[in-house]
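I have placed the structure first, in the form of structure tokens, so that the comments after it can refer back to it.
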Protein chains: 2
Amino acid sequence: MGGIYLSDVLLDVFKHQRVLLLTDLKLIFLGTSASVPTIHRGLSSVAVLRDGELFLFDAGEGVQRSFPKAKIGFNRKMSIFISHLHGDHCVGLLGLLQTMSMVQRDKPLTVYGPRGLIGFIRNNIRSLKFGLTFPLEVKIVREGLVVETRDYFIKACIGQHRMKNFVYSLEEKDRPGVFNPKAAKNLKVPEGILWSKLQKGESVEINGKIINPNLVLGPSRKGRKIVISGDTRPTPTIKRFISGADLAVLESTYFDDHQEKAKENLHMTAREAAQMASEADVNQLALTHFSSRYDDIAPLLSQAQDIHPNLIVAEDFLVLNIQYPDEKV
Amino acid sequence: MGGIYLSDVLLDVFKHQRVLLLTDLKLIFLGTSASVPTIHRGLSSVAVLRDGELFLFDAGEGVQRSFPKAKIGFNRKMSIFISHLHGDHCVGLLGLLQTMSMVQRDKPLTVYGPRGLIGFIRNNIRSLKFGLTFPLEVKIVREGLVVETRDYFIKACIGQHRMKNFVYSLEEKDRPGVFNPKAAKNLKVPEGILWSKLQKGESVEINGKIINPNLVLGPSRKGRKIVISGDTRPTPTIKRFISGADLAVLESTYFDDHQEKAKENLHMTAREAAQMASEADVNQLALTHFSSRYDDIAPLLSQAQDIHPNLIVAEDFLVLNIQYPDEKV
């Protein structure tokens, strides 16, 4: 039989992936209004999808209804990060947990957030008398490292708001450098499992000789970093925390016309968010969490665009694909 | 100056209203899905508007977002009636109370519902740390009379569900009969304030003689009655409670294909709701609270329509105007 065997094709794809070590990373805005929802903007929630895993940042009222609209299932591997306990950022948890049980979710779920989150969930489970079909763990967040896996960190930094608010980051660990097949051949490493190990940054042994992966790999490649602010004033701590992010999703409750209100209510204006992102060398800035008083954001955007030109205005269900800094695929 | 004076026009309108004593009564469905919202159906809530006053029956998650869509303001005279404390019927209260405060509501608000409602609201006000700009009273409902004013009653009847559930009715008091101007003239009652009193069913005095309004009025005319079920199995008590209603809004979580589930989960099928409404001489039946498993209700409707032909399928934002039984305007 002639033609290409399926296994050959798969192997080719696999080789390509091994060399580039690419992982999908995308962000979907599920709600982009501050405090009060509007007809077009729901309350705060951002879904981040990485390699099939979902990270939900905040869960404003109505978020469960955004899941099917955004084609996100209720029984996937996921964790939830709550910035703070104002209702517009967390009330949607209640319906989300109940609906997950209605559809018989069985995967465990961890919800991270400030002290007070445990009481909020426990009291409501009692009042509303609902059971859960899956193991639920609620973890109280402290500033610093929140989660570490083989591939990424989730970190938190305290903002400045009326109650404790966490700014979160998802930071991928560095990937090994680009694999140099010529160098591997020169070192007499046979193609196959040993190449794969070297590509992943592991040492291998050939005839009693240890081959260090550095001999066949280029310089290690940076992972991606995204940050999501919750509600906060700009602060030097946050500026350091978001430094060099590929994408920063920052609250921008107000524009220049309400600079005083921003200070008073401990929020940011679009200009302040852009200023901080620019000084922190953030690559792309997405503004969200707009006061419902602004019907049309577009005419106000120049206030921020002049300061940080790589700027996006969040809309409900807008999807952003986050590329690697070195990605040219 | 010629033409019609405004005061004359107003007087004419006023006279006409006095004779018919008509009051607008309309119902707007704000959410019509059971347990889990769908893309087209939100969670349970029904707004009833009567003479500028709003009665909100249940407040499922997302109801605050339905207010502007239904063009209902947050600072109007209103009261809220919660059928039971399952999340899909009451979680929307939290955002609604917060948004009322954001827009500086100042009118007092009473929320009626089962025991447990006070703890639910109090715990969440503590967890979410929100203040209210208006006086809020939470009243625990018992079966029977809940509210009585000059014009109407709100009554409650206990259903049969997993937790205590109230079926509510809004029943207008009877209006005086049709005024007979000829009879009034024969009795030498001068037109004006005395006619108005007689039309309202009050006695008047002419030259020391008491004129009983019965002498100039036809038989008293029935007010309207609407009932809203919350979640329940059909029961003989409810059948009596909804008897003769001009409109019954009944839950119809399931259709014939899930008769067993309806019994098990203490809900009704469309057929059961229609059967009960028919036996209770309900004029118009509106089915609502459909399980999210039913994408399209239309093909299933004959199951209920054969039993109660004056049937409406609730859709989010559907408006029903409820006419008087004798209204022919």
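Things worth noting here:
- With label points set 7 Å from Cα along Cα→Cβ, the inter-copy distances at B:GLU260 are 6.8 nm, sorted shortest first.
- Measuring against 20 Å, Cα to Cα, the residue pairs B:LYS239/B:LYS263; B:LYS182/B:LYS225; A:LYS107/A:LYS222; B:LYS139/B:LYS263; B:LYS107/B:LYS164 contain B:LYS182/B:LYS225; A:LYS107/A:LYS222; B:LYS139/B:LYS263; B:LYS107/B:LYS164 as the ones spanning a longer distance.
- Distance in nm between pseudo-label sites at A:ARG122 and A:GLU148 (7 Å out along the Cβ direction from Cα): 2.9
- For B:SER243, no residue has an amide H sitting under 5 Å from its own, ignoring neighbours fewer than 5 places away on the same chain, with H placed 1.01 Å from N.
- Per-residue average of Cβ from other chains inside 10 Å of A:138-146: 0
- Per-residue SASA entry for B:SER292, accessible area with 1.4 Å probe, Å² rounded to 10: 50
- In chain B, the longest principal axis of the Cα atoms and the axis of helix B:117-128 are about 70 degrees apart.
- Relative contact order computed over segment A:56-158 (Cα-Cα under 8 Å; 6+ residues apart), in percent: 25
- Seen against the Cα atoms of chain A and their longest principal axis, helix A:270-279 is set at about 30 degrees.
- Cα shape, chain A, gyration tensor, a/c 1.5 rule: prolate
- 5 angstrom amide H check on B:THR110, placed H, neighbours 5+ away: B:ILE80, B:GLU137
- Whole-Å distance, taken between Cα centres, linking segment B:34-77 and segment B:221-256: 19
- Considering only chain B, percent of DSSP beta bridges that pair antiparallel, nearest 5: 55
- Within segment B:291-329, backbone nitrogen closer than 18 Å to the virtual label 7 Å beyond the Cα of B:ASP281 toward Cβ: B:308-310, B:324-327
- Of the trypsin sites (Lys or Arg not before Pro) found in segment B:129-238, those that fall in a DSSP loop while having at most 15 other beta-carbon atoms within 10 Å are B:LYS129, B:ARG142, B:ARG150, B:ARG162, B:LYS173, B:LYS188, B:LYS200.
- Taken one residue at a time, the phi angles of segment A:180-187 give Karplus couplings (6.51, -1.76, 1.60, θ = phi - 60°) of 10, x, 4, 4, 5, 5, 4, 7 Hz. Gly and Pro are set to x.
- Size of charge dipole - the protein assembly as shown - debye, nearest 20, with Cβ of Lys, Arg +1 and Asp, Glu -1, no other charges: 1340
- If you plug the beta carbon distance of B:ARG76 and A:GLU264 into 1/(1 + (r/R0)^6) with R0 = 30 Å, you get a FRET efficiency near 0.55.
- Modelled this way, with points 7 Å down the Cα-to-C-beta line, the labels at B:ALA183 and A:LYS222 are 9.1 nm from one another.
- In Hz, Karplus ³J(HN,Hα) per residue of segment A:300-316 (6.51, -1.76, 1.60; θ = phi - 60°; x = Gly, Pro): 9, 5, 4, 4, 9, 5, 5, 9, 9, x, 7, 10, 10, 9, 5, 10, 4
- Annotation note: GluC sites (Glu not before Pro) in segment A:167-217 located in DSSP loop regions with a Cβ neighbour count of at most 14 within 10 Å are A:GLU191, A:GLU202.
- Two-site label geometry, A:LYS197 and B:LYS139: point separation in nm, points 7 Å out along Cα→Cβ: 7.8
- Normalised per residue, the accessible area of segment A:95-152 is 52 Å², obtained with a 1.4 Å probe and no contribution from ligands, DNA or RNA.
- Cβ-vector label at 7 Å, A:MET163, separations to other copies in nm: 2.1
- Lys, Arg +1 and Asp, Glu -1 on Cβ, resulting dipole of chain A about Cα centre, debye, nearest 20: 1140
- Whole-Hz ³J(HN,Hα) from phi, Karplus 6.51 cos²θ - 1.76 cosθ + 1.60, for segment B:222-234, glycine and proline x: 5, x, 9, 9, 10, 10, 9, 8, x, 9, 6, 6, x
- Per-copy distances of the B:PRO68 label point, shortest first, in nm (7 angstrom along Cα→Cβ): 2.5
- Interface residues of segment B:55-78, defined as those losing at least 50 Å² of solvent-accessible heavy-atom surface relative to the isolated chain (probe radius 1.4 Å), are listed as B:GLU61, B:GLN64, B:ARG65.
- Placed amide H near B:LEU30: partners under 5 Å, 5+ positions off or other chain: B:SER45, B:VAL46, B:ALA47, B:PHE317
- Dipole magnitude of segment B:104-245 about its Cα centre (Cβ charges: Lys, Arg +1; Asp, Glu -1), debye to nearest 20: 340
- Per-residue mean of C-beta atoms belonging to partner chains within 10 Å, peptide B:29-39: 3
- Accessible surface of the protein assembly as shown, 1.4 Å probe, proportion on carbon and sulfur as whole %: 51
- Accessible area per residue for segment A:273-329 is 50 Å², calculated with a 1.4 Å probe on protein heavy atoms, without ligands, DNA or RNA.
- Taken across both chains, chains B and A shield about 2500 Å² of accessible surface from a 1.4 Å probe.
The values are calculated or read from the model by the stated rules, or taken from the named source; none is laboratory data. Source: prediction; values computed, not measured. Backbone-built Cβ (ideal geometry, glycine too); neighbour counts: all protein chains shown. With ligands, DNA and RNA removed, areas are computed over all heavy atoms of the protein, side chains included. Shrake-Rupley method; radii C 1.70, N 1.55, O 1.52, S 1.80 Å.
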